Amino acid sequence: MDPRQTLNDLFDAALAAVSPAQVLPAHLPRPPAGRTAVLGFGKAAAEMARAFEAHWTGPFDGFAVTRYGHGAPCRTVEIVEAGHPVPDQAAVAAAGRALALAAGLGRDDLLVCLASGGGSALLAKPAPGIRLAEKQALTRSLLACGAAIDEINCVRKHLSAIKGGRLAAAAAPAPVETLAISDVPGDDPATVASGPTMADPTTGADARAILARYGIEAGPSIAAVLSGPAGETPKTLSNAGFRIVARARDALAAAARAAEREGFAVMILGDDLAGEAAGLGAAHARLALEIAGSASGPVALLSGGETAVTLPRPGFGRGGRNTEYLLALAAGLDGAPDIWAIACDTDGIDGTEDNAGAVLGPDSLPRAAALGLDAHAALAAHDSYGFFGSLGDLVVTGPTRTNVNDFRAILIGAGAR
């Protein structure tokens, strides 16, 4: 079989295993005695809402907010779209609606929240005293500095009027049940979508320390919120339940089964790998070369998680962490024979452009050289999109309407099957 097709098949198997239609129905709570309100937020929100509609028994109402272009047709749940990864006024309006929806519920009612990655930006109501423009500028700085997602979301929670448990607090005494597709390493409920329905163990001091660690200067209004009571989040909630319905390990397990059917011995390197994308790509190149020199048959290396890319300034370069990983992997492999790879974001958008990721083969560097491209130079310029785009090796899926973060597969000795 064509190794490139095999890689795409593994990615497809991973996506199918974590699709809302596949994972949501088994986790739906019991209908309440009173009103059921549904609220979706995240890049999978529209598809989660559609799956909810198909399986919920009884009346309900509500809405879901997702990224522009990630909507899906629903009968009852209203779908609205907003900005991601930098919040916009539509996200502020959605957050206001969500708080009003929650506040209108009583003890016998139920708020069902459908949470997924991206919800942090899509429900964005700045804390009192902070302007949206200030949060937008800070978000851009956080995304460019190489901070981990739990660090970014810690800061977001303490500058928000809805994140860090404040949505569930607004709904009390009504019970809140959150069904989440997790896109964060470790699957911490308080980190997924910045935990609007979960008690938050972090503090304003933690947020200040993160900004200091990355050399990000907070303006006076942001500094004031992080230093005062407005920046603190609820530490206990008595009305909030939480269930993860899909996560990276589920996607990797499905891909592993597909690879084994194709005759590969499978090694899962982890579902929560983090750190710099280029550093991980270089490390995986060394591992792949070592295995290639000793394996007696074809091997598939699978991994997930969320890496980071540190940029010299916001907006620098083109591409995302998955293609940056592949670029470093290509440089490390240096055209080694019979090693192929794919790296994609499971939401269908890797970084700044329109691709989910890219594929890499032993012929990638020679083809690039024939076009006058150098992997090391592209890596230094953070132009992984331009590199793989010139080769015609981008993976473009469009919105997948799910999100368990990075998916990576390396095939070693595929030609030996």
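The values are calculated or read from the model by the stated rules, or taken from the named source; none is laboratory data. These numbers come from a predicted model, not from an experiment. In this analysis, Cβ positions are derived from the backbone assuming ideal geometry, glycine residues included, and neighbour counts consider all displayed protein chains. Calculation scope for accessible area: heavy atoms of the full protein, side chains included, ligands and nucleic acids excluded. Shrake-Rupley method; radii C 1.70, N 1.55, O 1.52, S 1.80 Å.
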Wholly enclosed helices (runs of 4 or more DSSP H) of the stretch 174-277 bearing at least 2 residues of a type in the set (A, V, I, L, M) and over 27 Å from D350 (Cα atoms): 204-213, 220-227
Would you confirm, using the coordinates I've provided, whether R30 is open to solvent by 20 Å² or more (accessible area, probe 1.4 Å), under 17 Å from L179 (Cα atoms) and among the basic types (K, R)? yes
Against the condition at pLDDT 95 or above, over 30 Å from A414 (Cβ atoms) and among the hydroxyl-bearing types (S, T, Y), how does T6 come out, does it pass? no
Mind checking whether some residue in the stretch 294-311 is open to solvent by less than 20 Å² (accessible area, probe 1.4 Å) and without any contact (Cβ under 8 Å) to a residue 60 or more places away in the chain? no
Under 9 Å between Cβ atoms, at least 6 apart or on separate chains: pull out the pairs that start in the stretch 68-84 with a residue that is polar (S, T, N, Q) and end on any residue that is modelled with pLDDT of 95 or more and open to solvent by 40 Å² or more (accessible area, probe 1.4 Å). T76/P59; T76/D61
Could you please tell me which pairs satisfy a Cβ distance under 7 Å, a separation of 6+ or placement on different chains, a first residue in the stretch 92-117 that is closer than 22 Å to A44 by Cα and of a type in the set (S, T, Y), and a second residue that is open to solvent by less than 10 Å² (accessible area, probe 1.4 Å) and at pLDDT 95 or above? S116/G42; S116/A44; S116/A45; S116/M48; S116/A180; S116/I181; S116/A193; S116/N403
Scan the helices (runs of 4 or more DSSP H) fully inside the stretch 60-166 and keep the ones with 2 or more residues being open to solvent by 10 Å² or more (accessible area, probe 1.4 Å) and closer than 23 Å to V245 by Cβ. 149-157
Pair list, Cβ under 6 Å, 6 or more apart: the stretch 140-166 residue touching a residue at least 40 places away in the same chain (Cβ under 8 Å) and more than 15 Å from L122 (Cα to Cα), other residue open to solvent by 10 Å² or more (accessible area, probe 1.4 Å) and of a type in the set (F, W, Y): C145/Y214; A147/Y214
Read through the list (1) modelled with pLDDT under 95; (2) among the small types (G, A, S); (3) under 30 Å from F52 (Cβ atoms), then give the number of the only condition that G219 fails. (3)
Count of residues meeting criterion [under 18 Å from A336 (Cβ atoms) and open to solvent by 10 Å² or more (accessible area, probe 1.4 Å)] in the stretch 364-377: 6
Only unsatisfied item for G361, checking (1) more than 18 Å from G275 (Cα to Cα); (2) open to solvent by 30 Å² or more (accessible area, probe 1.4 Å), is (2)
Could you grab me the full set of residues in the stretch 350-362 that are more than 20 Å from D271 (Cα to Cα) and either in contact (Cβ under 8 Å) with a residue 40 or more places away in the chain or touching a helix residue (DSSP H, G or I) at 6+ places or on another chain (Cβ under 6 Å) (or both)? E353, D354, N355, L360, G361
Please specify each residue of the stretch 235-261 satisfying the condition of being farther than 20 Å from L24 by Cβ and crowded, with 16+ Cβ neighbours inside 10 Å. L237, N239, A255, A256, A258, A259
State which residue pairs qualify: first residue touching a residue at least 12 places away in the same chain (Cβ under 8 Å) and on the phi > 0 side of the Ramachandran plot and inside the stretch 262-274, second residue of a type outside the set (S, T, Y) and surrounded by fewer than 16 Cβ atoms within 10 Å (Cβ to Cβ) in any location, beta carbons under 8 Å apart, and separation of 6 or more residues or different chains. G263/G297; G263/R417
Can you find a residue that is more than 23 Å from T191 (Cβ to Cβ), without any contact (Cβ under 8 Å) to a residue 24 or more places away in the chain and among the small types (G, A, S) anywhere in the stretch 328-349? no
